Amino acid sequence: MSGADTATNTATETDTEPNADPDAAADTEPDAEHKPNPRTATAEPEPDAEPKPNPGTTADPEPEPATAEPAAETTATASTTPDTAPPPTPRTWTLLAPDARPYQSPTPGTLGGHRRLHIYGRLDCPSALRHIAAGHYTPHRVFFPDEPTALAAGYRPCARCLPERYRAWLQSTSTIAR
């Protein structure tokens, strides 16, 4: 036999003694399938053993004998299994209408506003974002689908994010006041 053949044979042999009975070695060493893995936290219970409660939890009380009433409850519960869960409801956004009343819309608003100050502006307005980050703005935040709706609801443009529209609004309100 060559040196390469010897290395191959040694690699395929088991760690048992050469003259030992292979069945006896299998009896003394547990199979790899039955060894508990110390890295896993859960171990499957034996089929004949009763499940043990987890530490820190209370064991469930003995089940009560079945009556007709729980059976009806079981059938009602069975119809709402995760496989037959109702479809998710479509998402809606609360916007303000031209009469300043809130309504649910399937599309988000394009402009945001402040209910008390009656100001509207872009959703990325630096002034609004600064106030939102400080927590001052969110309880009074409103949304509009478009600019004509915001104007009809009695809101004015923001001077920070819509300066041209704000100047136009000032011009229109100052001519009405004269």
- request: Have a look at H131, H136 and point out the one that is open to solvent by 40 Å² or more (accessible area, probe 1.4 Å), touching a Ser or Thr at 6+ places or on another chain (Cβ under 9 Å) and farther than 21 Å from P98 by Cα.
  value: H131
query: Of the residues in region 83-96, how many are within 12 Å of Y155 (Cβ to Cβ) and either small (G, A, S) or surrounded by fewer than 12 Cβ atoms within 10 Å (Cβ to Cβ) (or both)?
result: 0
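The values are calculated or read from the model by the stated rules, or taken from the named source; none is laboratory data. All values reported here derive from a predicted model rather than from experimental measurement. When we count neighbours, we look across all protein chains shown, and the Cβ atoms used for this are built from the backbone with ideal geometry, even at glycine. With ligands, DNA and RNA removed, areas are computed over all heavy atoms of the protein, side chains included. Shrake-Rupley method; radii C 1.70, N 1.55, O 1.52, S 1.80 Å.
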